[in-house]
Amino acid sequence: MEESKRIPVHVSIIMDGNGRWAEERGHERVYGHAAGVESVRACTEAAVETGVRYLSLFAFSEENWNRPEHEVHTLMELMVKAMRDELPTMMKNGVRFVVLGNRARLSSSLNEMIDDCEARTAANDRLVLVIFLSYSGKWDILQAAKKLAAEISSGQADEEELLSMGVDGFDRYLVTAGIPDPDLIIRTSGECRLSNYLLWQAAYSEFIFTGVLWPDFRKEEFRAALAEYARRDRRYGRVK
Ligand code: IPE
Ligand code: IPE
Ligand code: MG
C-alpha cells in the first residue's frame with residue numbers, strides 16, 4: 001500500500017481517564033483535566049508532523065453536563081485558557097481550530113472566544129483541529145433532521161429532493177458537514193464504548209481502544225496508534 005494511504009486523513013480521539021489519572025496520584029479529578037491539555041498539545045503536534053489532516057477530540061459530551069458544577073466550570077475555564085495559550089502555536093503550525101456541538105448550551109463569553117479563535121485560524125490549512133464540545137451523536141442526528149424539516153417547511157428544500165436524498169445528502173445537515181468521516185477513532189483509559197460520540201460518522205471507522213489514560217497519551221502513543229492503523233485492512237463490505 002502507498003505510504004499516503006496508510007496515514008489516516010481524520011483521526012478522532014475520545015480523551016478519557018483524566019479523573020482516574022488524578023485520583024491515582026491523590027489529587028482532585030480536575031488536576032487530571034489540566035494534565036490532559038498537555039496531551040492535546042502533543043497529539044496536535046504529532047498530527048501535524050505525521051501529515052494527518054483532521055484531528056478531532058471529544059472534549060465534553062452532552063452527558064458531561066451532569067457532572068458536579070465545580071468540575072464542569074473547571075473544564076470550561078480550561079477550554080478558555082487553552083484557546084488563549086495555544087493560539088500562537090496554532091498559527092505557527094498552520095492549525096485551523098473548529099468547535100462543534102450544542103453551542104447554545106455554552107456561555108456567551110466562551111462562544112465569543114470560540115468565534116474569535118475560529119476566525120483567526122480560518123485560513124490555516126495544515127491541520128483542522130476539531131473540538132467536540134457539548135456534543136453527542138444522537139443530538140447531532142436529531143438537529144440534522146430538524147434542520148432538514150425546517151428547510152422543507154420553509155420551502156428551501158422540496159419533498160422530491162428529500163425522497164431522492166442519499167446518505168451523502170444527509171451528511172451535510174450534520175454539524176460535521178464538509179469534514180470527512182474519521183478513519184480512526186482512538187479511545188483511551190480502557191473503556192470500550194462510544195459514549196454517544198460520532199454515531200453516524202463512525203460507520204466505517206477503525207477503532208483502537210488503549211488502556212493508557214489520556215494525560216499519559218503523548219506523541220509516542222499517537223504514533224503507535226497510527227502504526228497499528230497502517231496494519232488494518234479496510235474492506236468496506238467487499239471481498240478482497
Ligand atoms: C475525560 O476524563 C474527560 C471528560 C470526559 C471531560 P474523565 O473525566 O472522564 O476521567 P475518568 O474517566 O473519570 O477517569
Ligand atoms: C466520554 O467520556 C466523553 C468524553 C471523553 C468527552 P465519559 O467519561 O464521559 O464517558 P462514560 O461516562 O465513561 O461513558
Ligand atoms: Mg471518563
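The values are calculated or read from the model by the stated rules, or taken from the named source; none is laboratory data. All values reported here derive from a predicted model rather than from experimental measurement. Note that we place each Cβ from the backbone using ideal geometry, even for glycine, and neighbour counts take in every protein chain shown. Ligands, DNA and RNA are excluded from the accessible area calculation, which covers all protein heavy atoms including side chains. Shrake-Rupley method; radii C 1.70, N 1.55, O 1.52, S 1.80 Å.
How much mean residue ellipticity at 222 nm does the chain get from its helices, if each DSSP H run of length 4 or more adds -39500 (n - 2.57) and you divide by all residues, to the nearest 500 deg cm²/dmol? Let's see the in-between values first.
Details: 9 runs with 111 residues, N = 240.
So the calculated ellipticity at 222 nm is -14500 deg cm²/dmol.
Relative contact order, percent, of the chain when contacts are C-alpha pairs under 8 Å separated by at least 6 residues?
Numbers: 356 pairs, mean separation 68.9, N = 240.
The value is 29 percent.
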Problem set entry | Shape of the chain, Cα gyration tensor, a/c cut at 1.5 | oblate
Problem set entry | ³J(HN,Hα), Karplus 6.51/-1.76/1.60, whole Hz, each residue of segment 90-101, x for Gly, Pro | 5, 5, 5, 8, x, 9, 8, 9, 9, 10, 10, x
Problem set entry | Whole-angstrom gap from segment 70-134 to segment 180-240, using each part's C-alpha centre | 23
Exercise. So what are the ³J(HN,Hα) numbers for segment 73-89, from phi and the Karplus equation (6.51, -1.76, 1.60; θ = phi - 60°), rounded to whole Hz, Gly and Pro as x?
Worked result: 4, 4, 4, 5, 4, 5, 4, 4, 5, 5, 4, 5, 5, 8, 3, x, 5
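Which percent of the accessible area of the chain is formed by carbon and sulfur heavy atoms (probe 1.4 angstrom)?
Numbers: 6420 of 12520 Å².
Heavy-atom surface of the chain belonging to carbon and sulfur, 1.4 Å probe: 51 percent.
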For this session: About the Cα centre of the chain, how large is the charge dipole given +1 on each Lys and Arg Cβ and -1 on each Asp and Glu Cβ? Please answer in debye to the nearest 20.
Result: 600
Problem set entry | Under the Karplus curve 6.51 cos²θ - 1.76 cosθ + 1.60, θ = phi - 60°, whole-Hz ³J(HN,Hα) for segment 226-238, x wherever Gly or Pro sits | 5, 5, 5, 4, 4, 8, 6, 10, 8, 9, 6, x, 8
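Run through every distinct alpha carbon pair of segment 166-240 and return the Kirkwood hydrodynamic radius in angstroms, one decimal place.
Working: mean 1/r = 0.0707 Å⁻¹.
In segment 166-240 this quantity evaluates to 14.1 Å.
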Seminar exercise, completed: Net charge (Lys, Arg +1; Asp, Glu -1) of residues whose beta-carbon lies under 15 Å from that of Phe132, Phe132 excluded, is -2
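To the nearest 0.05, how large is the calculated FRET efficiency for Glu161 and Glu191 if R₀ is 30 Å and r is the Cβ-Cβ distance?
The formula returns an efficiency of 0.15 here.
Could the peptides 231-239, 88-96 be put in order, highest first, of the mean number of other beta-carbon atoms found within 10 Å of their residues?
Working: 231-239: 7.7, 88-96: 15.3.
Going by the mean number of other Cβ atoms within 10 Å, highest first, we get 88-96, 231-239.
How compact is segment 54-182 by the rule of thumb for globular proteins, expressed as Cα Rg over 2.2 N^0.38 Å?
Details: Rg = 16.6 Å, N = 129, 2.2 N^0.38 = 13.9 Å.
So the Cα radius of gyration is 1.19 times the expected 2.2 N^0.38 Å.
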Exercise. Amide H of Val99: which non-local residues (sequence gap of 5 or more, or other chain) have their own amide H closer than 5 Å, using H built in the peptide plane?
Worked result: Ile131
For this session: Please sort 121-134, 138-151 by packing, taking for each peptide the average over its residues of neighbouring beta carbons within 10 angstrom, highest first.
Result: 121-134, 138-151
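Let me confirm the definition first: pairs of Lys residues in the chain, 8 or more apart or on different chains, C-alpha distance under 26 Å. How many are there? Each step should come with its number before you reach the end.
On the way: Lys5/Lys219; Lys5/Lys240; Lys81/Lys92; Lys81/Lys219; Lys92/Lys219; Lys138/Lys146; Lys138/Lys147.
Lysine pairs meeting both conditions in the chain amount to 7.
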For this session: Note the full-extension length gain between Val239 and Glu69 as 0.36 nm times their separation in residues minus their Cα-Cα distance, in nm to one decimal.
Result: 56.1 nm
Exercise. Given H placed on each backbone N at 1.01 Å, which residues far from Ile208 in sequence or on other chains put an amide H within less than 5 Å of it?
Worked result: Ile185, Ile186, Arg187
For this session: Rank-order 18-27, 35-44 by packing density, defined as the average count of other C-beta atoms within 10 Å over each peptide's residues, highest first.
Result: 35-44, 18-27
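Give me the number: length gained by fully extending Thr89 to Ala122, i.e. 0.36 nm times residue separation minus the C-alpha to C-alpha distance, one decimal in nm.
Numbers: separation 33, 0.36 × 33 = 11.88 nm, distance 1.43 nm.
Net length gain for the segment: 10.4 nm.
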For this session: Could you calculate the FRET efficiency of Lys138 with Glu28 from 1/(1 + (r/R0)^6), where r is the beta carbon distance between them and R0 is 22 Å, rounded to 0.05?
Result: 0.10
